[in-house]
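Novice: Just passing along the structure, written as structure tokens.
The values are calculated or read from the model by the stated rules, or taken from the named source; none is laboratory data. Computed from a predicted structure; not experimentally measured. Ligands, DNA and RNA are stripped out before the accessible areas are found, and what is left, the full protein with its side chains, is counted by its heavy atoms. Shrake-Rupley method; radii C 1.70, N 1.55, O 1.52, S 1.80 Å.
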Amino acid sequence: MAVPELTPSLLHTNSELPTLIAGPSLGTAALPLWGPAVPYLKDHFQVIAWDLPGHGASKPSRQEFTLAELATGVTTMVEALRSNGVIADGSKLFYAGVSVGGATALQLAVDHPGFFNALSSICSAAKIGTPEGWTERAELVAKAGTPTMVAGSAQRWFAPGFIEKEPEISASLLHSLQDADRFAYAHVCGALAGFDVREQLSTATDPILAINGAQDEVCPPADAQFIEQHAPKGQAAIVESAGHLAPAEAPEETAALLADFFLAK
């Protein structure tokens, strides 16, 4: 096990604004996932996204890692951005992540309290799927590659009709899945197999906004409500039109929820 090295993508730079660290979902790269929301975020935040190992700009992981190690990878990346002046000293710092990136938000709240001023888990949950399901998927992808996931992901990721309505956005997201490193993808599956912070949420002192899509079959609205009920400073919001990738599917609404929550902190 080892802390993975994560590569940031500066989606909108303005060090005079608070910084929003934007996290990915499994199989997606930062730019296609968060790019649609940047026009609605850039007046409020400097936006820096990060890619999972072997996805987008991040190099593949060479060994397995846990969600706790992934969260530490995020804090290590942020500290590097601070030390080179991309994030100004004393500026407010927020985090929002999708799916496994949202699981990372909850892990950050549990393991690194106070590192962020507030966090948001988007289309995520305190436990996602089953260990057996993730282990099976890891073995399949390591053996046969990420293209085996494209058809199923197209069904799981998007609300009905979205692919037809937004073919370019959905195609770029599915391309980032095809291009992901098979072994690094499997490592993320392994991390999700061991992820479960349901019992630890009650110890989280950070403000947390759980945003889930009403059309999401992977992490339904009940998962957001669980976080609201169990995190002392938890709130929940539901995006009616979204499936599993709210920043790409409903960028304006998702950005507005984030801005309203974070800028009040």
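Novice: Can you tell me the relative contact order of the range 1-127? Whole percent, Cα pairs under 8 Å, sequence separation 6 or more.
Specialist: Once divided by the residue count of the range 1-127, the mean separation gives 31 percent.
Novice: With an 8 Å cut-off on Cα pairs and a minimum separation of 6 or more residues, tell me the relative contact order of the chain in percent.
Specialist: Taking the mean separation of contacting Cα pairs over the length of the chain, I get 23 percent.
Novice: Divide by every residue of the chain the summed helix terms, -39500 (n - 2.57) for each DSSP H run of at least 4, and state the resulting mean residue ellipticity at 222 nm, rounded to the nearest 500 deg cm²/dmol.
Specialist: Taking each H run of at least 4 residues, the total per residue is -12500 deg cm²/dmol.
Novice: Another question, then. Need the list of lysines near residue 42 for cross-linking: C-alpha distance under 24 angstrom, and skip anything on the same chain fewer than eight residues off.
Specialist: Of all the lysines, those that pass the test against residue 42 - Cα under 24 Å, at least 8 places apart if same chain - are 92, 265.
Novice: Additional query: Per residue, how much accessible area does the range 1-120 have with a 1.4 Å probe, in Å²? Spell out each step's value before the answer.
Specialist: Numbers: 4100 Å² over 120 residues.
Per residue, the range 1-120 has 34 Å² of solvent-accessible surface.
Novice: Could you check how much of the accessible area of the chain is carbon and sulfur, as a whole percent, using a 1.4 Å probe?
Specialist: Answer for the chain is 50 percent, counting heavy atoms of protein chains only.
Novice: Same structure again: What is the set of long-range amide H partners of residue 158 at a cut-off below 5 Å, with H atoms built 1.01 Å from backbone N?
Specialist: Those qualifying (amide H under 5 Å, at least 5 residues apart or on another chain) are 244.
Novice: Restricting the count to DSSP beta bridges whose residues both fall in the chain, what percent are antiparallel, rounded to a multiple of 5?
Specialist: On the way: 5 of 29 bridges.
Approximately 15 percent, going by the DSSP bridge assignments.
Novice: Now a separate question. Can you tell me the length gained on complete extension of the stretch residue 130 to residue 142, counting 0.36 nm per residue apart and subtracting the Cα distance? Provide the component values of the computation, followed by the final result.
Specialist: On the way: separation 12, 0.36 × 12 = 4.32 nm, distance 1.83 nm.
Roughly 2.5 nm would be gained on extension.
Novice: Leaving out ligands and nucleic acids, and using a 1.4 Å probe, what accessible area per residue does the range 140-265 come to in Å²?
Specialist: Working: 5650 Å² over 126 residues.
With the other protein chains kept in place, the range 140-265 gives 45 Å² per residue.
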